[in-house]
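Let me begin by presenting the structure, written as structure tokens, before commenting on it.
All of the numbers you see were taken from the coordinates with simple rules; none came from a lab. Nothing here was measured: the structure is a model prediction, and the numbers come from that model. Quick reminder, even Gly has a Cβ in these numbers, built from the backbone with ideal geometry, and neighbours come from all protein chains shown.
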């Protein structure tokens with residue numbers, strides 16, 4: 001049963017780590033909107049590059 | 001296609017064309033055309049493929065540009081923009097017309113094309129966007145103009161809204177829930193080790209270690225996650241009441257304290273797993289309730305949407321300056337354009353006009369105002385421009401008065417202390433007394449066994465089952481109802497809904513749609529008459545004109561020339577060289593006979609009546625069925641409306657409502673409600689308009705329609721999604737079921753306790769049996785609660801409702 005001496009503190013450390021990660025995610029807006037983001041990937045088909053000049057990527061401009 | 005490609009509204013006779021991805025599409029107005037072409041130019045035309053519902057009608061580009069510029073004024077910018085640091089400013093926008101996830105996609109993409117915007121966060125549920133930008137590279141008017149170009153009108157909210165109380169609450173609740181969830185899982189793991197170890201050979205040291213580990217994980221659950229229960233209990237006790245929190249807090253404290261003592265003594269059983277699980281279950285219920293509440297919106301947002309943001313002030317030199325409505329002071333003169341809202345309570349100073357006050361009074365027909373008449377802030381000017389003198393601003397206006405009435409009615413509503421809560425709290429108090437007696441008794445007889453017996457009483461009596469009896473049933477009911485499109489904002493609405501004896505309905509917007517239906521045509525050649533009338537009516541926004549246009553959809557269109565709308569009368573124009581008038585009798589025939597039949601529209605050529613069109617309000621889908629179901633259930637149904645006598649009577653007859661009242665102001669309706677309640681009735685109020693909000697706030701159960709105004713939703717206990725009126729009857733059935741389960745739970749908890757507590761007090765219950773008894777009694781309560789809503793929802797025929805309007 002000596003293995004418990006290692007495993008239990010390890011599980012508690014993991015628990016605390018998960019808790020901290022979750023708190024961080026909540027504070028960083030990850031859970032503010034639970035309705036929209038789940039739908040966005042369904043919509044996010046690759047769209048053509050905006051034709052607008054404001055968004056031009058330097059690499060796209062012919063040399 | 002006879003509807004606008006962008007917003008789905010009816011097309012005018014000669015629609016403008018928008019070219020998107022090389023294909024021309026007919027749209028209803030220049031605003032929609034500009035929006036569609038702008039979206040295409042940004043390379044975001046995919047939006048049209050992705051969206052699941054038509055967009056909102058795009059704002060007029062010129063007006064939007066002008067409005068956006070107004071926010072540049074320092075007097076206004078000061079209120080809405082918060083400076084984070086030299087390179088970052090922040091504002092919170094209330095965006096109209098977010099209909100689906102594709103809108104969020106579009107807004108985020110189109111704004112990221114504006115140079116200088118650092119971050120955009122769109123929340124579809126709250127219809128809000130939080131935008132951070134670099135003030136050196138762009139400014140608020142540019143951002144608003146970019147949004148308007150994409151077809152969304154946005155309203156900056158007061159900067160105070162940035163410290164979003166709702167967001168803070170949601171975040172705190174989520175963290176508490178997570179801690180309780182993690183803690184419960186871990187505590188359960190250590191507890192299983194102890195239970196399994198009891199049969200095998202577990203050495204005492206490991207057993208001891210498991211207990212302390214349980215204490216370690218349960219402590220944050222009790223002190224952090226359960227903090228709101230303790231705070232609520234303290235508040236309730238200070239106010240000398242017994243709320244739901246009192247028994248819950250006592251139960252948590254008792255079990256935790258008993259377990260800590262046992263862990264310290266190294267003696268009997270510990271119940272850290274039970275207490276963590278208990279907290280977790282309760283928090284899940286609270287979290288669901290909070291989400292429903294947030295979905296229903298808040299009063300402040302609702303007000304911000306209603307009060308116009310701008311006013312056109314007439315300067316002393318006659319020039320017109322666009323300013324923020326909050327800059328107005330009494331005796332300012334303002335000009336209000338056709339189709340705009342009156343910025344504050346005012347007196348009409350120019351010639352007569354028609355004004356739509358339906359939002360405020362519930363009267364569906366436009367009201368005619370002449371010089372010197374009062375205009376209510378927030379009402380819509382149908383014929384303009386008009387000039388008005390401001391009389392009252394800010395908190396003195398009629399609209400602010402309604403909001404204040406809502407707030408007061410809400411705070412005054414006697415939230416009946418639930419019988420169950422009182423029973424539970426009383427029970428816990430008695431158990432405590434019994435435990436004390438037991439401790440004293442045993443310490444006289446046999447001091448060594450005093451502590452064990454006292455703990456056995458506390459544990460075996462299981463305040464959990466009692467404290468869970470009510471929340472478990474309510475939580476289950478909440479989630480069942482939410483999945484069927486009924487959002488319960490206040491849980492006590494469930495009990496009141498089940499026990500309600502009266503239902504007071506609003507008419508306009510609740511039982512009826514804003515649209516009119518053509519019922520009959522009195523003419524020699526009905527088809528020809530309809531074609532002529534439709535030609536005149538095309539392009540008008542008046543409900544009667546739209547009803548005629550709709551009815552004529554299948555008839556070959558005619559072309560009308562020189563079409564002119566006459567204030568408060570009707571439409572005139574020339575078709576094939578003949579001159580026609582369409583409108584109220586007095587207008588069409590140019591006589592002074594009073595329009596006895598207000599809902600009838602006359603088409604005339606000179607003095608000859610060609611046709612009389614009878615119109616009536618369209619009933620909301622399944623309105624009759626809903627009322628019948630309620631009546632069959634023993635609820636007496638009433639109709640209270642701000643609309644005219646004849647119209648209310650007609651609707652009451654069609655729906656078989658015997659008790660109806662017309663011309664009711666919000667205060668009258670509230671008075672009627674008090675009258676009913678004084679006679680001992682429990683009243684459901686169902687409404688959707690601003691004028692209904694005070695009534696909703698003062699009723700035992702307030703049901704608001706999600707399609708209605710935000711103000712009504714903010715005042716509602718229950719919000720019905722998607723115009724689904726028939727769900728009300730089903731919700732009542734579920735509420736009754738919930739109440740039945742709740743009572744069973746309480747009876748079960750009582751019987752269980754009465755049978756085991758005496759045994760515990762006498763020392764006959766060994767600790768392991770107490771633990772099993774405690775878990776089983778809680779489990780029975782929860783499993784019983786899961787029975788609620790097992791009968792599947794009756795499928796309703798899906799009726800497409802285009803009505804998106806308010807009374």
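Can you classify the range B:71-187 as rounded, prolate or oblate using the Cα gyration tensor, where a ≥ b ≥ c are the square roots of its eigenvalues, rounded means a/c under 1.5, and otherwise it's prolate if a/b beats b/c and oblate if not? Show your work: numbers first, answer last.
Working: a/c = 2.32, a/b = 1.75, b/c = 1.33.
Verdict is prolate for the range B:71-187.
Between residue B:118 and residue B:169, the modelled label-to-label distance comes to 2.9 nm, taking each label 7 Å out from Cα in the direction of the beta carbon. Express the relative contact order of the range B:514-619 as a whole percentage, based on alpha carbon pairs under 8 Å and six or more residues apart in sequence. Rounded, it is 30 percent for the range B:514-619.
Computed from the Cβ-Cβ distance with R0 of 51 Å, the FRET efficiency linking residue B:53 to residue A:24 stands at 0.90. Using the average count of surrounding beta-carbon atoms within 10 Å as a protection proxy, the listed peptides B:372-380, B:617-625 rank, highest first, as B:372-380, B:617-625. Summarising the label geometry, the points placed 7 Å from Cα in the beta-carbon direction at residue A:11 and residue B:69 lie 6.9 nm from one another.
Calculation over all alpha carbon pairs of chain B in 10 angstrom steps from 0 returns a P(r) of 2, 11, 18, 21, 18, 12, 8, 5, 3, 1, 0, 0 percent.
Using only atoms on other chains, find how many Cβ atoms lie within 10 Å of each Cβ of peptide B:41-51 and report the average.
On the way: counts 3, 6, 7, 4, 2, 6, 2, 0, 3, 7, 1.
The per-residue average across the peptide is 4.
Round to the nearest 10 and give me the degree value, 0 to 90, for the angle of helix B:245-265's Cα axis relative to the longest principal axis of chain B. Result, in degrees: 30. Over the range B:613-719, what portion of Cα pair distances is larger than 18 Å, expressed as a whole percent? Taking all Cα-Cα pairs of the range B:613-719, the fraction more than 18 Å apart is 51 percent. Shape class for the range B:307-401: oblate, because the ratio a/c of the largest to smallest gyration tensor axis (alpha-carbon atoms, square roots of eigenvalues) is 1.5 or more and b/c is at least a/b.
Averaged over A:22-32, how many beta carbons belonging to a partner chain fall within 10 Å of each residue's beta carbon?
Values: counts 6, 5, 0, 2, 7, 2, 0, 6, 1, 6, 11.
Across the residues of A:22-32, the mean count of other-chain Cβ atoms within 10 Å is 4.
Counting Cβ atoms of other protein chains within 10 Å of each Cβ in B:168-181 and taking the mean gives 3. Taking a quarter of the surface of the Cα convex hull of the range B:61-104 gives a mean projected area of 4.5 nm². Judged by the gyration tensor of its Cα atoms, with axes a ≥ b ≥ c, the range B:514-619 is rounded; a/c sits under the 1.5 cut. The angle between the Cα long axis of helix B:101-112 and the main principal axis of chain B comes to about 70°, on a 0 to 90 degree scale. Taking the average, over residues, of other Cβ atoms within 10 Å as the packing measure, peptides B:78-87, B:670-679, B:252-261 rank B:252-261, B:670-679, B:78-87 from highest down.
Would you calculate, for chain B, the mean residue ellipticity at 222 nm contributed by helices, counting each DSSP H stretch of 4 or more residues as -39,500 (n - 2.57) and dividing by all residues, to the nearest 500?
Value at 222 nm, helices only, nearest 500: -15500 deg cm²/dmol.
Residue ranges B:725-733, B:604-612 sort as B:725-733, B:604-612 when ordered by packing (mean number of other C-beta atoms within 10 Å per residue, highest first).
Taking the range B:167-290, how much of its Cα-Cα pair set, in percent, is spaced more than 19 angstrom apart? Show your work: numbers first, answer last.
Values: 3784 of 7626 pairs.
Of the Cα pairs, 50 percent sit more than 19 Å apart.
Modelled this way, with points 7 Å down the Cα-to-C-beta line, the labels at residue A:38 and residue B:3 are 2.7 nm from one another. FRET efficiency for the residue B:736 to residue B:19 pair, using the beta carbon distance and R₀ = 60 Å, is estimated at 0.55.
Helix B:463-483 versus the longest principal axis of chain B: what angle, 0 to 90°, nearest 10, using Cα atoms? Its long axis makes an angle of about 30 degrees.
Sequence-distant contacts, meaning Cα pairs under 8 Å at least 6 residues apart, place the relative contact order of the range B:85-207 at 27 percent.
Could you tell me the calculated FRET efficiency between residue B:134 and residue B:559, based on Cβ-Cβ distance and R0 = 45 angstrom, to the nearest 0.05?
On the way: r = 53 Å, r/R0 = 1.18.
Working from the Cβ atoms, E equals 0.25.
Given an 8 Å cut-off on Cα distances and at least 6 residues of separation, report the relative contact order of chain B as a percent. Display every interim value, and only then the final one.
Working: 1559 pairs, mean separation 92.6, N = 807.
Computed value for chain B: 11 percent relative contact order.
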